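Novice: This is the structure, below, for whatever I ask next.
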Amino acid sequence: MTSTEAAVSAAWKALDEDRDYATSLTQELVRIPSVNPKFVADPEQNRESAVQDVVERELKALDMSVNRWDVFDNRPNVVGDLSGSEKRSLLLCGHIDVVPVGERSAWTVDPFGGDIKDGRLYGRGAVDMKSGVAAAIAAVRAIRRAGIELDGRVSIHSVVDEEAGGFGAIDAVRRGHLGKAAIITEPSWGEIQPCEGGLEWIRVTITGRQGHSAWRYNEIWPQRDEPGRLRPAANAIDIAARFIEALRQFESSRCRLRQHPLLPPGMNTINVGVIRGGAGLGPDGLPLIMTNPAIIPDVAVIDLDYKFLPNQTSKEIRAEFEAFVHHFCQQDLWLQEHPIKVEWELGGLHFPPMDTSPDHPVVQSLFKRRTEAGGKPKIAGFVAVADAAHYAGAGVDAVICGASGDGFHGTDEYVDIASLEETTKTLAATIIDWCGVR
């Protein structure tokens, strides 16, 4: 038996001897409400700092050096490090903020009770993704308890604000908390996910000309253009309707012509998420009046969620989209003189694409070790976005691998305990494979 295989066996033996640890830690974390305050502002629910107290306690118990800092007021990141070579460094990342519970009466369990029944641990954040944080800690703990000395540096990143754009991970990256490779322990339902598309939030602002609705005929029906004719209005909402129809054609052509082998066809979509139309443009970039249909509106603001493929770049899709908008404007006399405004990174949100090779050693190790731990993994792409993007954007080879469950962003959220144990073993073995043994 090689030293690597002997180390994996020792780490797995340590996990088997204390198999309840990851579950108990997940339960403890779930019982501390940590709803992202950008969604619900309530001190009783916004207890991210208390969750990070537990994480910090566990990391220090592993003799990890710990960095803790506030990303936002009372919303700290925690990063733990075991020193080693940078050439074989590996970071494991999970977020501890959760989405709101929603209607409590729709839950059959206490959303923050951490109840266990039928092999499932229930509660908000159970699968998305406090179990992922617990699995990472449990994996490193087993390695330490087995007395294994790793060659490469190992880090655990416990970050905030993933649910609102990943600004915790962004700040960790900005401060230089990186590695040669990264495993993001988001739920992956047995899959090993080395790629995800990029994401942009865009605001499109269409400017028309106000008018009285009684004179709409002057705008849409041919009139003699003679002295004394009132200046026609330009209905921004009408223009927006035409723009959205053209956008659908643009989106459709992109989906048909471009695909990625690890993602479902057509995932590169442009979602029209929010539309606001009315009169007058306020300082916040939104219409001032949205309550009077007797005014021909001169402002339409459309917010888009633009998903692109892992093998595309932000620069490429921005240029392509802006060219589409320009050509649309050239077909309209009004828009030629009053072109549509395009704003990128709405709300500061931007997810770079991630496209790690399926042949990367970390990907192959996760696949092998998950199989040995009893899973039936497959290599596939992640259709949403996660913090993996921010590390990938900084040049880190990232991959997603986590537990299974259901109810994330819904009711009766749970993590499957057997999958949590399988994930913890997988992570421990891959840490050893990638970092090496001294």
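The values are calculated or read from the model by the stated rules, or taken from the named source; none is laboratory data. Predicted model, so just to flag it, every value in this text is computed and none were measured. Don't worry about glycine lacking a Cβ; one is built from the backbone with ideal geometry, like all the others, and counts go over all protein chains shown.
Novice: Check off (1) in contact with a Ser or Thr (Cβ under 9 Å, 6 or more places away or on another chain); (2) closer than 25 Å to Thr205 by Cβ; (3) surrounded by fewer than 18 Cβ atoms within 10 Å (Cβ to Cβ) for Glu372 and give me the number that stays unchecked.
Specialist: (2)
Novice: Also, quick follow-up: Scan segment 38-54 for residues that are in contact with a helix residue (DSSP H, G or I) (Cβ under 9 Å, 6 or more places away or on another chain) and assigned to a loop (DSSP other than H, G, I, E, B) and jot them down.
Specialist: Those that are in contact with a helix residue (DSSP H, G or I) (Cβ under 9 Å, 6 or more places away or on another chain) and assigned to a loop (DSSP other than H, G, I, E, B): Lys38, Phe39.
Novice: Quick one: count up the residues across segment 253-276 that are outside any loop (DSSP other than H, G, I, E, B), under 24 Å from the mean Cα position of the chain (by Cα), modelled with pLDDT under 95 and of a type outside the set (Lys, Arg).
Specialist: 1
Novice: Here's a follow-up. For segment 394-425, give me the residue count where each residue is in contact with a Ser or Thr (Cβ under 9 Å, 6 or more places away or on another chain) and of a type in the set (Ser, Thr, Tyr).
Specialist: Result for segment 394-425: 4.
Novice: Would you point out which residue out of Val301, Val272 is surrounded by fewer than 20 Cβ atoms within 10 Å (Cβ to Cβ) and closer than 23 Å to Lys341 by Cβ?
Specialist: After applying the criteria, what remains is Val272.
Novice: Give me the pairs, please: first residue somewhere in segment 306-334 and farther than 20 Å from Ala384 by Cα, second residue anywhere and modelled with pLDDT of 95 or more and part of a loop (DSSP other than H, G, I, E, B), beta-carbon distance under 6 Å, and either six or more positions apart or on two chains.
Specialist: Val325/Ile340; Cys329/Pro339; Cys329/Ile340
Novice: Look through Thr26, Thr4 and report the one residue that is crowded, with 17+ Cβ neighbours inside 10 Å and β-branched (Val, Ile, Thr).
Specialist: Thr26
Novice: Looking only at segment 33-51, which residues are buried (at least 20 other Cβ atoms within 10 Å of the Cβ) and in contact (Cβ under 8 Å) with a residue 60 or more places away in the chain?
Specialist: Pro33, Ser34, Val35, Asn36, Glu48, Val51, listed by residue number.
Novice: Going by the structure shown, is Lys378 surrounded by fewer than 18 Cβ atoms within 10 Å (Cβ to Cβ) and in contact with a Ser or Thr (Cβ under 6 Å, 6 or more places away or on another chain)?
Specialist: Taking the combined requirement at face value, the residue does not satisfy it.
Novice: Can you tell me which of (1) under 14 Å from Arg242 (Cα atoms); (2) surrounded by 14 or more Cβ atoms within 10 Å (Cβ to Cβ) is the one Gln331 doesn't meet?
Specialist: Checking Gln331 against (1) under 14 Å from Arg242 (Cα atoms); (2) surrounded by 14 or more Cβ atoms within 10 Å (Cβ to Cβ), the one that fails is (2).
Novice: Which is modelled with pLDDT of 95 or more, in the same structural domain as Thr423 (by TED's automatic domain parsing), buried (at least 16 other Cβ atoms within 10 Å of the Cβ) and not in a loop (DSSP other than H, G, I, E, B), of Arg88, Arg57?
Specialist: Being modelled with pLDDT of 95 or more, in the same structural domain as Thr423 (by TED's automatic domain parsing), buried (at least 16 other Cβ atoms within 10 Å of the Cβ) and not in a loop (DSSP other than H, G, I, E, B) holds for just one of Arg88, Arg57, which is Arg88.
Novice: Yes or no: segment 205-226 includes at least one residue that is closer than 30 Å to Ser357 by Cα, modelled with pLDDT of 95 or more and surrounded by 14 or more Cβ atoms within 10 Å (Cβ to Cβ).
Specialist: There is no residue in segment 205-226 that is closer than 30 Å to Ser357 by Cα, modelled with pLDDT of 95 or more and surrounded by 14 or more Cβ atoms within 10 Å (Cβ to Cβ).
Novice: While we're on this one: Just for segment 61-85: of the residues that are part of a loop (DSSP other than H, G, I, E, B) and either among the hydroxyl-bearing types (Ser, Thr, Tyr) or in contact (Cβ under 8 Å) with a residue 12 or more places away in the chain (or both), which one is surrounded by the fewest Cβ atoms within 10 Å (Cβ to Cβ)?
Specialist: Restricting to residues being part of a loop (DSSP other than H, G, I, E, B) and either among the hydroxyl-bearing types (Ser, Thr, Tyr) or in contact (Cβ under 8 Å) with a residue 12 or more places away in the chain (or both), the top hit is Asp63.
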